[in-house]
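Following: one structure in structure tokens, then a few remarks.
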Amino acid sequence: MSAFDPDKISVPTGHYIGGRFTDSQSRSIDVARPSDGRIYAGLPIATPEDVDRAVENAWTAFKTSGWPRMAPRDRARILRRWADLVEDDVERLAPLEALGSTRPIREAASWDVPFAAEGIRFYAEHADKHGGEVVATDSDRFGLTISEPYGVIGAIAPWNFPLVMASWKLAPALAAGNAVVLKPSELTPFSVLRLAELAVEAGVPPGIFNVVQGDGRVTGDALCRHPRVAKVTFTGSTRTGAAIMATCANHGTKPVTLELGGKSPQIVFADAADLDRTAATVARAITGNAGQVCVAGSRLIVEERAANQIIDRIAAAFATLRPGATWTDDATLSPIISQPQCARIEGIVEHARASGATLVTGGERAKTNSGGAFYRPTLLTGVAADSAIVMEEVFGPVLTVQTFREEDEALALAAHPAYGLAAGVHTADLGRALRFVRGLEAGTVWVNRYGRSNDFMMPTGGYKQSGIGKDLGRQAFEANLRTKSVLIDIAAS
Ligand code: NAD
């Protein structure tokens, strides 16, 4: 799929409740296209009353539509149909995604849309592959466990991969028989509306999947507080995750799944099989989506004797990237989501330089004619281990370099006091690779690669303050079910 004219794309707006787009009387905010900063639609901020309407709709659908009780294979069939519709809709969905987010059209068409569809398919396949167990008890009793959906799940998504992140929440929750009220990010709110329309077209009963639009402070908060929301699943920053956890604790002690921030290391040993390939991998891991990826490999920890060689190669890879609007077909560097976020990246890099870091390349905005905010891929050496640039999630294309001589030193540098989302290790030594797999405190460890594959069975989620629970894998499906214990007296009277 190739370049398109952003002004020719019609954008669905508003909330989607009970299988219909609904008007809202509430205040609205402007939504801008990241690629050129132009306002292209207004976003209604759902009030607590709007959220109540959506949740009650979901609850009623959960109780009356038959969704949780239908034969699981029938639910699976509907979800598979939904996945097919999503995939077939790529000509509409991909431009919608690219228009309002940082996802380039080629990637939106070749990865985001099909990956979201395949994720839905993966969870459809789980719908009839779970159950409870018969529990050992004495002969006068019969004991069993039953797994049941929660009811209404509140899902809150970030802006960096709007369709994919939403699908990771929706698919397992719906496959398990729940109803969902989703609040997308206020920065990238519209593409999921098309997902919701297609769900109803596929046969998901109206009300089982609703979208409420709004910000975090009003709409997201109201969703977490709502007494009928039985569980909250969230992806976003660690700070927001902590606030949501507190809200859920204080309003119903509800369970949460939290997929949060990271500051992930990429460790390179001098014996890595192919330094050219390793450098290309390291560069891709911090420049994909302009570094606006939870698992971005933002800290290069490299064996001292290989440092110069790899730094040169990474700088060369950075230089090949072309910033440009997401609707052009030759751009290879995404915009930064907003001007304030770009200013934040500038600030943290400036601070690092003022504190003694050496700039190898980048360190400034990239010039384009488009009007959006673009930041040049940036490489910094001479960074202090406890400096902000090494400790804080930048969420931009900024890579720091630290060197080591011994394995222990590498492991110590890789450890982050708060984050533990992902890590990569590059070495030809199998024993060493496995020592690092054991030693790294991270929810995902990649060896001689960096980044996920299409293996949906691999769960994703963080250690420490990078999260609680998992997206993807069997774990995400099971997290949408709760267990009921049943004990029956069967003694003959
Ligand atoms: P964010 O925390 O600012 O916002 C995420 C969502 O939470 C938005 O929809 C927002 O409106 C909502 N929100 C904000 N305050 C809220 C509140 N008090 N109550 C309820 N909802 C609230 O994050 P972001 O800037 O959209 O996304 C970037 C962050 O997400 C990064 O930290 C990144 O690492 C993280 N992320 C993590 C994963 C993962 O799988 N671990 C994946 C993608 C992104």
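Per-structure values
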read-out: The stretch 199-233-the stretch 1-25 distance, computed between alpha-carbon centres (Å); value: 18
read-out: Among beta bridges that DSSP assigns inside the stretch 264-455, antiparallel share in %, nearest 5; value: 15
read-out: Local electrostatic count at residue 368 - Lys and Arg +1, Asp and Glu -1, tallied over other residues with Cβ under 10 Å; value: +2
read-out: Share antiparallel - DSSP beta bridges, the chain, percent rounded to 5; value: 45
read-out: Residue-averaged [θ]222 nm for the chain, counting only DSSP H segments that reach four residues, each worth -39500 (n - 2.57); value: -11000 deg cm²/dmol
read-out: Relative contact order computed over the stretch 264-455 (Cα-Cα under 8 Å; 6+ residues apart), in percent; value: 28
read-out: Rounded FRET efficiency, nearest 0.05, which uses the C-beta distance separating residue 305 from residue 125 and R0 of 41 Å; value: 0.30
read-out: Ordering of 309-319, 283-293, 447-457 by burial proxy (mean other Cβ atoms within 10 Å per residue, highest first); value: 283-293, 309-319, 447-457
read-out: Mean Cβ neighbour count within 10 Å, used as a protection proxy, ranking 264-274, 154-164 highest first; value: 154-164, 264-274
read-out: Tail beyond 28 Å, pair distance distribution of the stretch 264-455 (Cα, percent); value: 20
read-out: Burial ranking of peptide ranges 34-40, 402-408, 95-101 (average Cβ count within 10 Å, highest at the top); value: 95-101, 34-40, 402-408
read-out: Two-site FRET efficiency, residue 10 against residue 138, from Cβ-Cβ distance with R₀ of 45 Å, rounded to 0.05; value: 0.10
read-out: Computed E for residue 329/residue 408 - FRET, C-beta separation, R0 41 angstrom, nearest 0.05; value: 0.30
read-out: Rg in Å to one decimal, and Dmax rounded to a whole Å, for the stretch 224-331 via C-alpha atoms; value: 19.9, 59
read-out: Summed side-chain charge close to residue 124 - residues other than residue 124 whose Cβ falls under 10 Å, Lys, Arg +1, Asp, Glu -1; value: +4
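The numbers here are math on the coordinates, done by the rules we state, and not lab data. The model shown is predicted, which means the values in this text are computed figures rather than measured ones. Counting neighbours? That spans all protein chains shown, and the Cβs are built from the backbone with ideal geometry, glycine included.
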